[in-house]
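Let me begin by presenting the structure, written as C-alpha cells, before commenting on it.
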Amino acid sequence: MKPPSIAKLSMIPAKQSEAGPKRELCQRCALHETCEQKFVRPFIPERWSGKLLLVLEGAAEASVGPWAGDEGRLLRRLLKQAGYQSGDVGIVFALRCAPAPHEVKGDRPPRWARDEPRKRPSMLQVRACRPFVLKTIEYFNPKTVIAFGDTAVRSILNKTAPALVHLRGRKLSVAGLDPSPVVYATYDMATVFGENNAHLRDAVSQDLERPGWQPLGVPAVQFPNEDVVAIDTEYVGDKLLTIGLADLKHAKAVDVADTKEFVELVERIKEPFLTKTLLGHAIEGDVDHLVALGLGREEWVTGERAGDPRDASARQPADVRAVGRAVEGADTEDPR
Ligand code: SF4
C-alpha cells in the first residue's frame, strides 16, 4: 500500500488553517509551544474514495508522515489486510500538535511510559483541537471513522471515555454531528507496540475489518439451516437462560425455559456442526456448560478445532476474522 499524498491545500476549508499561536484556544492549549511539528493538518489522498477516516492521537511523526516508522508500517499492513487501498484511507489528528514525551530518568523507561510514551493531554486540550476534527469529518464526509486510542476517542465523544476494551466493537457516533458517520474505536499503535501488547495487533486488525462486515440481518423466525458459525449463551450466575445460534443468514436465540424450542435446539445441535468456523462470546466460560448439556464437543466450542474432526483440512483454530471474510464473500490475501 503506497502512502497517500498530503491533501491539496485547496481541498481544506479555509477555517481549517486557523490553528496557530494567535488563536485563543491554541493559546489555552499551549501544546504548540513544546512540540516539534506544529499545527499538522489532515492527510487525505487526492482521489479519496471516502471509505475510511482514521483519527490518530497526535501528530508525533508528522514530519515523515503517519505511515512511516514501525507503527506506520504495521498500520499500513493491517489496512491492506483489511482490504483497503491507498486511496481509501484519510488521516486526521485529534491533536494537531503532539503532546510532549514523558520525562523519564535512566536508560530503560518504566512500562507505563513505554505503553504511553507521551503525556496524556487534558480534556481542555482535546476540546481546543476538536473543532478541526469535526470540520474534517464534516467536510470530507467519510463513510466510517476509526478512532485510535483514548485521546482520539475523547475527541470523538467530546468527553472522557470508558476503557477501550469496553468500546471496541460498538458503533459510536461523533458527538455534535448530525448525521454522524459510524465510528469504531480501537487501540492506538503506540499501545500495540508496548511491552507484552503484541496480542493487541489482532484486536486492531479485527477492528479495521469490522466496517466491511455485513450484519446478519433481523433474527430469523427459524433455526439456522446452514452450517452454524456462531454460538452464544447467556447466564445469570450458573443458570443458563438462552442459547443463540447463527449461520451466515439467520440468527436464533432460544429461551431455555421454553421446553419445546429448547428440545428442538438440542436435537439440532447435538449432531456435529459441520462448519469450519465457530465463534462464541466468552466461549471459554461456556465450554463446561455446553459440554455438560451435550450441546457441543469440547474441542469445537473451545475453538481448538473448529470443524468436522474427520476432515483434516478443517483442523484449524476458529478465527474471528474468517467470519468477516466469509460474510463479505471475499478471499483476503494475508500479507504476513
Ligand atoms: S493541539 Fe490543536 S488546539 Fe492545541 S495548540 Fe495545537 S492546533 Fe492548537
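Taking the highest mean first, how do the peptides 177-190, 68-81 order by number of other beta carbon atoms within 10 angstrom per residue?
Working: 177-190: 19.2, 68-81: 17.3.
Descending packing order for the listed peptides: 177-190, 68-81.
Fewest to most neighbouring Cβ within 10 Å: what's the order for Ile91, Ile156? Present the calculation step by step, with values, prior to reporting the outcome.
Details: Ile91 24, Ile156 30.
With the sparsest Cβ surroundings first, the list reads Ile91, Ile156.
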Next on the checklist: Taking θ = phi - 60°, what integer Hz values does the Karplus form 6.51 cos²θ - 1.76 cosθ + 1.60 yield along the stretch 155-168, in sequence order, with x for Gly and Pro?
Outcome noted: 5, 5, 7, 6, 6, 5, 10, x, 4, 4, 4, 8, 9, 4
Checklist entry - Among the listed pairs Lys80/Lys119; Lys51/Lys80; Lys22/Lys135; Lys171/Lys252; Lys22/Lys171, which are separated by more than 25 Å between their Cα atoms? => result Lys80/Lys119; Lys22/Lys171
Next on the checklist: Starting from the 7 Å offset along Cα-to-Cβ, what nm value, one decimal, do you get for the label separation of Arg77 and Asn196?
Outcome noted: 2.3
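Lys159 to Glu261: FRET efficiency via 1/(1 + (r/R0)^6), r the Cβ-Cβ distance, R0 45 Å, to the nearest 0.05? Present the calculation step by step, with values, prior to reporting the outcome.
Values: r = 42 Å, r/R0 = 0.94.
Efficiency, from the Cβ-Cβ distance: 0.60.
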Checklist entry - If amide H atoms are built 1.01 Å from N in the plane of the peptide, which residues on other chains or at least 5 residues away come under 5 Å of the amide H of Lys143? => result Lys51, Leu52
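Every number in this text was worked out from the coordinates using simple rules, so none of it is lab data. Source: prediction; values computed, not measured. Here Cβ is always computed from backbone atoms with ideal geometry, including for glycine, and neighbour counts include all displayed protein chains.
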